[in-house]
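Here is the structure we will look at.
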Amino acid sequence: MRRIVVVGASLAGLRAAQAARAAGFDGEIVLVGDEHHRPYTRPPLSKELLAGQQTPEGCGFPCEDLDVAWRLGVPASALDRERRTVVLADGDEVPYDRAIVATGCRARPWPGEGGDLPGVFTLRGIDDAIALRAAFEARPKVAIVGAGFVGCEVAATARKHDLDVTVIDIAPQPMLPLGPELGARCADLHRAHGVDLRLGAGVAGLRGGERVEAIELADGTTVDADVVVVALGALPNTEWLASSGLELDPGVACDPTLTSTTDPDVLAAGDAASWPHPLAGGERVRVEHWTVAAEHGQLAGRNAVAPAAERVAHTTPPYFWSDQYDVKIQAVGFPTRADALEILESTPDGGRFVAAGGRDGRLVGVVAFNAAKRLAWYRRQLAAGAAFDDVRQAVAADEGALGAPVGAAR
């Protein structure tokens, strides 16, 4: 094996190339990216970069000394496994001995008319954040369609600029995966900071002439807006693999070692990978979070230089976080798979707490608000496969916990 081609100049792709080098691979590594930028970190896009507290250059990862051949600004268009070649959109072909798919996701666009009006934005890449930040400078009325993590983070950043912000979602509360009670706490947080939340509200369409002017809701009301941010989730960038014969689920279907189920010489990492996780009962999952992308990249890079029989499985509980105003929301495991979430510990004012849940008697997910120091212990319990009742009892007996259990959260 003399050449590894990593498709996706992303966090996962960068970590894969670095890990292959750290594992002793001295052949050629080609890193293909559809953007002209070298790999950069995405969490600041909806927060520090959008707020003007971070520069685009400051978002870049240090990679000047990485020994790779860069092919930037040209996406991959096909994977020819018979000829062991990655076909690029400009017609070039890059042969490989092993390939790592790390093409990530793109923002889901507005599905109806009006999505191409000036003033309508999505937020996925660094250029999106730069354009949206420039739009904020005119102090517009901002409407955000989608109250997920990105939508809520953009709302918090816009309110820091004292902009008029409305958030619209068909769901009954923001950040649906957190469940009703924790979602209600998030709603209270945004309302306390002046956000107009329109929950349980469908969108009929976008209205405008030369640029967007308003959002028409399904109930006939309108929300005036000079800027509309469409935050409806993301789609995995796997269409270019449609003719490859790889199993897509919709990410590249992998075994626990992130090796594709179809071809031992093709691996995947990050948002573009679907793999079975023990906390999900062995079902394949796809996780769109920074830490998973970093861990996947490191593992895929090491596994790519190893024989198939010696590759290591990815079993680490997934972790993600979201910063909104003065609250850090963190989660480990799969909270949405829990039968119920219970607040196991909380400060008297409720400002800091940890909620956890189990399934089939086993701890499967934990959510913390401003309780980062407590979260590490729960992550170890998840990794060890702890019983949920044992976790409850351990927390109740722990003098270092935030406080006594205060009741059910979902």
Exercise for review: Would you give the gap between the C-alpha center of the stretch 1-55 and the C-alpha center of the stretch 168-186, rounded to a whole Å?
Suggested key: 33
Review point. Out of these labelled values of percent of Cα pairs over 34 Å apart, [x] 31; [y] 36; [z] 25, which was calculated from the coordinates shown here?
Key: [y]
**Study point:** Within straight-line cross-link reach of residue 141, lysines at Cα separation under 27 Å, skipping those fewer than 8 residues along the same chain
**Key:** 47, 160, 328
Review point. Heavy-atom accessible area of residue 352 with all protein chains present, probe 1.4 Å, nearest 10 Å²?
Key: 100
Exercise for review: Summarise the accessible area of the stretch 141-214 (1.4 Å probe, protein heavy atoms) by the percent that is carbon and sulfur.
Suggested key: 50
Check your understanding: For the chain, list the DSSP H helices whose alpha carbon atoms reach 20 Å or more along the long axis and whose average Kyte-Doolittle value is -1.0 or above?
Key -> 290-304
Review point. Mind checking which of 67, 249, 326 has the largest fluctuation in a GNM of the chain, springs on alpha carbons under 10 Å?
Key: 326
**Study point:** From phi via Karplus (6.51, -1.76, 1.60), per-residue ³J(HN,Hα) for the stretch 315-328 in Hz, x at Gly/Pro
**Key:** 10, 4, x, x, 9, 8, 8, 8, 9, 9, 6, 9, 10, 9
Point to revise | Cut-off under 5 Å, modelled amide H: who pairs with residue 229 long-range | key: 121, 143, 144, 145
Review point. How would 46, 77 line up by accessible area, probe 1.4 Å, largest first?
Key: 77, 46
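Add -39500 (n - 2.57) for each DSSP H run of 4 or more in the chain, then divide by its residues: what number comes out at 222 nm, to the nearest 500 deg cm²/dmol? Mind dumping the intermediate values first?
On the way: 8 runs with 91 residues, N = 410.
Theoretical 222 nm ellipticity from helices: -7000 deg cm²/dmol.
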Check your understanding: Picking from 220, 361, 301, which is most flexible by a Gaussian network model of the chain using Cα springs under 10 Å?
Key -> 220
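I need the shape label for the stretch 98-145. Rule: rounded when a/c is under 1.5, else prolate if a/b > b/c, else oblate, with a, b, c from the alpha carbon gyration tensor. Could you put the intermediate results ahead of the total?
Details: a/c = 3.53, a/b = 1.76, b/c = 2.01.
Oblate, because a/c is 1.5 or more while a/b does not exceed b/c.
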Study note, to complete from the structure: Diffing the stretch 41-49: the Karplus 3J(HN,Hα) column from phi (6.51, -1.76, 1.60, θ = phi - 60°), in whole Hz with x for Gly and Pro, holds 8, 9, x, x, 4, 8, 10, 4, 5
Check your understanding: For the chain, modelled as a GNM with alpha-carbon contacts under 10 angstrom, which of 149, 61, 25 fluctuates the most?
Key -> 61
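The values are calculated or read from the model by the stated rules, or taken from the named source; none is laboratory data. Because the structure is a prediction, the values reported are computed rather than measured. Just the protein is used for accessible areas: all its heavy atoms, side chains included, with ligands, DNA and RNA removed. Shrake-Rupley method; radii C 1.70, N 1.55, O 1.52, S 1.80 Å.
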